Amino acid sequence: MSPVLELDGVNFRRQGKQILHGVSFTVRRGEHWALLGPNGAGKSTILGFCGATTHPTTGTVRVLGEQLGRVELQALRRAIGHVNPRHPLRSPLTVREVVLTGITGTVDLPPRWRPAAEDLAKADALIRDLGLAGKAEERWPTLSQGERGRALVARALSCDPRLLLLDEPATGLDVAAREQLLETLDLLGKTHPGVASILVTHHLEELPATTTHALLVAHGRVVTSGPAGRVITTEHVSAAFEHPIEVQRHDGRWAARAGRQLAASPT
């Protein structure tokens, strides 16, 4: 199966500082990846490559079969869905209008653009499927954080993406809203079975049960990557966060808590 995303030996420097060191991993159709690591580990930079918004200093990035530096970026980006809870919307759009901006690839609706009947049907179907039935005409400022999160997932899916990027989608959500969002993400395997996804977080509790793979990074380097059950372990998470972390998994969901510090050796 052809890779949806492939990073090979990627290094990145910014203002003379080395940010990433030889990052490599491959995402295939239908896989759901978690990108994990402490603050400052390089997660956002890696996500920039995945979304075709950042170019490597050295190494190769292929997104949807196209190599960055050799492809028209706007066309490529239209096949990538992006969920960012810090969505910079300033206009009081309705939920339906927010979802339609995923089709236009804009933050606000273009002034002279009018959605076709099939665009409206697609938007309304996504709104319904993501648990926002009856909310289509409600305006963005009146929505709860949880409703905004689900609206942004619907927006990202409206362009029929092959790759879905979720940048800390549970930011600002209370426990109930977080669980509703994760239930929504768990349904994607059924509603959009061919879509690959990458979810960035540093909280294991924010991972959907349908997570298939994980990339664990620290200090701009890959600690380990591969099937989620093999990567998200006490040993690997403790190494990445440089602190003893006990990792548990129950009913497909992960949880983490601080482990005991190792006793100091007697002198």
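Bear in mind these aren't lab numbers, they're just calculated from the coordinates by the rules spelled out. In this text, all values refer to a predicted model and were calculated from it rather than measured experimentally. Don't worry about glycine lacking a Cβ; one is built from the backbone with ideal geometry, like all the others, and counts go over all protein chains shown.
Largest first and in whole Å, give the semi-axes of segment 43-196's equivalent ellipsoid, each being the square root of 5 times a Cα gyration tensor eigenvalue. Kindly include the intermediate steps, with their values, before the conclusion.
Values: eigenvalues 132, 68, 44 Å².
Those come to 26, 18, 15 Å.
Considering only the chain, what is the antiparallel percent among its DSSP beta bridges, to the nearest 5? Working shown, then result.
Numbers: 28 of 46 bridges.
If we restrict to bridges inside the chain, about 60 percent are antiparallel.
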Dipole of the chain, positive end: most advanced residue of Gly9, Ser91, Pro111 [Cβ charges, Cα centre]: Gly9
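With the cut-off at 29 Å, report for the chain the share of all Cα pairs above it, as a whole percent. Mind dumping the intermediate values first?
Details: 11988 of 35511 pairs.
More than 29 Å apart: 34 percent of the Cα pairs in the chain.
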Radius, Kirkwood style, for segment 7-46 when every pair of distinct Cα atoms is counted (Å): 11.5 Å
Descending semi-axes in whole angstrom, ellipsoid equivalent of segment 49-109, from the Cα gyration tensor: 28, 12, 8
The chain - mean residue ellipticity at 222 nm from DSSP helices (-39,500 (n - 2.57) per run, n ≥ 4, rounded to 500): -8000 deg cm²/dmol
Vicinal HN-Hα couplings computed from phi for segment 217-231 (Karplus, 6.51 cos²θ - 1.76 cosθ + 1.60; Hz; Gly/Pro x): 10, 7, 6, x, 10, 7, 6, 6, 8, x, x, 4, x, 8, 8
Most fluctuating residue given options Asn39, Asn84, Asn11, as computed from a GNM of the chain linking Cα atoms under 10 Å: Asn39
Most fluctuating residue given options Pro85, Pro115, Pro208, as computed from a GNM of the chain linking Cα atoms under 10 Å: Pro115
Karplus 3J(HN,Hα) series, Hz, for segment 235-251 with 6.51 cos²θ - 1.76 cosθ + 1.60 (x for Gly, Pro): 4, 6, 5, 4, 5, 5, 8, 6, 6, x, 10, 8, 9, 10, 9, 9, 6
Protection proxy ranking of 24-37, 135-148, 86-99 - average other beta-carbon atoms within 10 Å, highest first: 24-37, 86-99, 135-148
Geometric extent, Cα atoms of segment 122-267 - Rg, Dmax (angstrom): 17.9, 69
Cut-off under 5 Å, modelled amide H: who pairs with Gly59 long-range: Asn11
Gain on full stretching of the segment that runs from Thr171 to Thr57 - 0.36 nm per residue minus C-alpha separation: 38.0 nm
Within-12-Å neighbourhood charge of Gly81 [Cβ basis; K, R +1; D, E -1]: +2
Amide H contacts of Ile19 (H built 1.01 Å from N, under 5 Å, at least 5 apart or other chain): Phe12, Arg13, Arg14
FRET efficiency, 1/(1 + (r/R0)^6) with R0 51 Å, evaluated for Thr191 and Ala239 via beta carbons: 0.90
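Over all directions, average the projected area of the Cα convex hull of segment 133-199 and note it in nm².
Working: hull surface 19.0 nm².
Here the figure is 4.8 nm², rounded to one decimal.
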Calculated from backbone phi, Karplus (6.51, -1.76, 1.60) coupling profile of segment 190-202 in Hz, x at Gly/Pro: 8, 7, 9, x, x, 6, 8, 9, 10, 10, 9, 6, 10
Most mobile of Pro111, Pro193, Pro161 in a GNM of the chain (Cα contacts under 10 Å): Pro111
Highest average packing first - 100-106, 210-216, Cβ atoms within 10 Å: 210-216, 100-106
Residues with amide H under 5 Å from that of Val223, placed H, sequence gap 5 or more: Leu216, Val217, Ala218
